[in-house]
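Accompanying notes for the structure given below.
The values are calculated or read from the model by the stated rules, or taken from the named source; none is laboratory data. Computed from a predicted structure; not experimentally measured. Cβ atoms come from the backbone with ideal geometry, glycine included; neighbour counts cover every protein chain shown.
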Amino acid sequence: MSLETDLYSYLSTYASLTSLISTRIYPSKAPQEVASPYCVFRKDGNERMYSHQGFSGLSKPSIEVNCYAETYLQAKAVADQVTAAMEAWPGVNASVQSVFQEDEQDLTFEDSTELHHILLEFSVMYG
């Protein structure tokens, strides 16, 4: 499986998150007219890890998860559950060695979607 497939599979079955957004988790871009709240994720860079023997089999991708909702508090609740899910991911997927949250930004209101937006950035050791 790929990181993106593993991530979607995991987030779409994380009960505390799906209770808020169902399976409205999209890679790269959400469909037009999607109901909110929802999340969009994308890989934003991928550092391959090497030793003197060559590629170690591990990579360190940066994952961006964007959380959208009609109110700020809904967006924050979704972001909190994404963070909890990501922090628990190494314990449930042997390919995930570690996850570190690098940033969280309240981007508040998106004019194009009329939704509140919270951006989360994670560094994942995967392989």
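The one condition from (1) in contact (Cβ under 8 Å) with a residue 24 or more places away in the chain; (2) under 18 Å from V124 (Cβ atoms); (3) not charged (D, E, K, R) that T71 does not meet is (2).
Kindly check whether there is at least one residue in the range 21-28 that is in a strand (DSSP E or B), touching a Lys or Arg at 6+ places or on another chain (Cβ under 7 Å) and of a type outside the set (D, E). Yes - at least one qualifying residue is present in the range 21-28.
Evaluate the following for Q101: is it part of a loop (DSSP other than H, G, I, E, B) and either touching an Asp or Glu at 6+ places or on another chain (Cβ under 9 Å) or surrounded by fewer than 17 Cβ atoms within 10 Å (Cβ to Cβ) (or both)? Here the answer is no, as Q101 does not meet what is asked. Looking only at residues in the range 29-67 that are within 20 Å of the chain's Cα centre (by Cα) and of a type in the set (A, V, I, L, M), the one that is nearest to S95 (Cα to Cα) is L58.
Test of understanding: among Y8, Y26, Y14, Y38, which residue is out of contact with any strand residue (DSSP E or B) (no Cβ under 8 Å at 6 or more places or on another chain) and closer than 20 Å to Y68 by Cβ?
Values: Y8 fails: out of contact with any strand residue (DSSP E or B) (no Cβ under 8 Å at 6 or more places or on another chain); Y26 fails: out of contact with any strand residue (DSSP E or B) (no Cβ under 8 Å at 6 or more places or on another chain); Y38 fails: out of contact with any strand residue (DSSP E or B) (no Cβ under 8 Å at 6 or more places or on another chain).
Step by step, each of Y8, Y26, Y14, Y38 is checked, and only Y14 is out of contact with any strand residue (DSSP E or B) (no Cβ under 8 Å at 6 or more places or on another chain) and closer than 20 Å to Y68 by Cβ.
Answer yes if at least one residue in the range 31-50 is modelled with pLDDT of 95 or more, small (G, A, S) and surrounded by 20 or more Cβ atoms within 10 Å (Cβ to Cβ), and no otherwise. There is no residue in the range 31-50 that is modelled with pLDDT of 95 or more, small (G, A, S) and surrounded by 20 or more Cβ atoms within 10 Å (Cβ to Cβ). Would a scan of the range 73-82 turn up a residue that is within 20 Å of F100 (Cβ to Cβ), touching a Cys at 6+ places or on another chain (Cβ under 7 Å) and assigned to a strand (DSSP E or B)? No, that holds for no residue.
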